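Asks: So that we are looking at the same thing, I have put the structure below in structure tokens.
Coordinate-derived values only; no laboratory data. Bear in mind that the values here come from a model prediction, so they are computed numbers and not experimental data. Cβ placement follows ideal geometry from the backbone for every residue including glycine, while neighbour counts extend to all protein chains displayed.
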Amino acid sequence: MKKAELVFIPSPMLSHLISTVEMAKLLLQKDARISITVLIMKLPNDTVLESYTQKLSAATDPCSRLKLINLPGQDEMMPMKSETFLFDFIDSQVIPDLTQYKNSDIELLVPCFSSPIPAKVLPYVFVEDAPKSKTFLGSFKKFRETRGIMVNTFSELESYAIQALSTDANTPKIYPVGPILNSNDNNSPENVSEELILDWLDNQSESSVVFLCFGSMGSFDECQVKEIATALENSGQRFLWSLRRPPPKDKMELPKTYDDPQEVLPDGFIERTKGVGKVIGWAPQMAVLSHPAVGGFVSHCGWNSTLESVWCGVPMATWPLFAEQQLNAFQLVKELGIAEAIRIDYRRAFKAENPMDIVRSEEIELGISRLMGNNGKNEMKQKVAELKNKSRMALQEVGSSYTAQSLFIEDVINGIA
């Protein structure tokens, strides 16, 4: 019997590692011919990822077909100088310089989108730093030299993109195998009581609560926090808000929970919104999104959060921050019609916030009101409900993702001929 051993190398972020491990578990469950080794990289002082890997290692049988290897780390993050990102394969003559689109109003034709995309939703790294932009684009170009690309999505969600890639002779085989989700998202080292949060939701009416959460890296300075608080209070909307303290500006760390969130909230906010809203730290996101009281999700549009929202059938309001999240927001609002826009073009570098680009309370309140109100909501809720059903059907036997997973395994066993 032919066998295959795979090596997974996720980036050193908790959300990436969790998706990788969940994918590994799924493949191992499907086929006894597969064994998988996950190489684990860690950022300095990342206690959340450290806690997760310790629990994972303790729960993993050393004799199982899943092996975890912790790679040696370093005590401090090296400075991100442009030259450290340059690789030999980059040919600056054939890789476009996208920094020309930094403040452009032009719309671009991109093969994986059915509509032209505004240049303002291009990721920060593409438009702010030419050397890094060319490095990333060069890396993506190298994908064409691989023998297959596994994607955490499902055909019914991104049919246009998958069709475009599948019919491109220069692109290797695409395996849309998702949604791969974190079924147990209790990975907080901060002693969060999930029960207290869910008990509060139990006392709220169905679809009455808007949930605000901006991912493991998402946080805002005090000025922006006050604008969000003002918007929530003025809207009169029931809310559950995951509020996180930004890390020190000189350290590459994840946001933490405030000892006392009132230090950054408007005076009297907690008292005035008592019974209407709840401010928390770390959020058990899947458990919250799965709760019937939650009717809307204000999100940074990270891909894992997007898939979780679709899986739970919760419409979104978009507020992208980093990486490719602006493109995700554009897709959710303009292409799929399952989200309202607070912003789709808000972008910033990691650990950087422009005080001139504060999103004002009126804009936030309007987005939340549209998300939770009746104007157009029925159509949006219907669309996200349809995708919820399709996401679950995709993973069932003979579903699109189930089939893609099986095809991937057979191709791996046969050397991806």
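Asks: Mind ranking 307-315, 149-157, 21-29, 101-109 by how tightly packed they are, going by the mean number of other C-beta atoms within 10 angstrom, highest first?
Replies: 307-315, 149-157, 21-29, 101-109
Asks: Moving on. Using +1 at the Cβ of each Lys and Arg and -1 at the Cβ of each Asp and Glu in the chain, identify which of T135, N389, L307 lies farthest towards the dipole's positive end.
Replies: N389
Asks: If I take the Cα coordinates of region 248-321 and project them onto the principal axes, what are the three extents in Å, biggest first?
Replies: Computed over region 248-321, the largest-to-smallest principal extents equal 37, 36, 19 Å.
Asks: Further, regarding this structure: From the P(r) of region 194-390, can you give the percent of Cα pairs sitting at distances over 29 Å?
Replies: Percent of Cα pairs beyond 29 Å in region 194-390: 15.
Asks: Among DSSP beta bridges whose residues both lie in the chain, state the antiparallel percentage, nearest 5.
Replies: Among the beta bridges of the chain, antiparallel pairing accounts for roughly 10 percent.
Asks: Mind telling me which of I18, I358, I342 comes out most flexible in a GNM of the chain, alpha-carbon contacts under 10 Å?
Replies: Checking each option, the largest mean-square fluctuation is seen for I358.
Asks: Report the extension gain between L39 and F143 in nm, rounded to one decimal, defined as 0.36 nm multiplied by the number of residues separating them, less their alpha carbon distance.
Replies: 35.4 nm
Asks: Please go through the residue pairs K42/K132; K102/K274; K3/K142; K55/K141; K226/K383; K132/K173 and name each one whose alpha carbons sit more than 31 Å apart in this structure.
Replies: K102/K274; K55/K141; K226/K383
Asks: A further question follows. About the Cα centre, and with charges only on the beta carbon of Lys, Arg (+1) and Asp, Glu (-1), how big is the dipole of the chain? Nearest 20 debye, please.
Replies: Magnitude of the dipole: close to 1000 debye.
Asks: Moving on to the next point. Could you calculate the contour length gain from K55 to E362, that is, 0.36 nm times the residue separation minus the distance between their Cα atoms, to one decimal place in nm?
Replies: 106.2 nm
Asks: Using R₀ = 51 Å, calculate the FRET efficiency as 1/(1 + (r/R₀)^6) where r is the Cβ-Cβ separation of Y258 and L407; round to 0.05.
Replies: 0.60
Asks: Here's another thing I want to ask about it. Just report the Cα centroid separation between region 4-33 and region 369-410, whole Å.
Replies: 22
Asks: Report the FRET efficiency, 1/(1 + (r/R0)^6), for C223 and D199, where r is their Cβ-Cβ distance and R0 is 25 Å, rounded to 0.05.
Replies: 0.15
Asks: Please express the Cα-Cα pair-distance distribution P(r) of the chain as a list of whole percents, one per 20 Å bin, running from 0 to the bin with the greatest distance.
Replies: Here the calculated profile for the chain is 24, 60, 16, 0.
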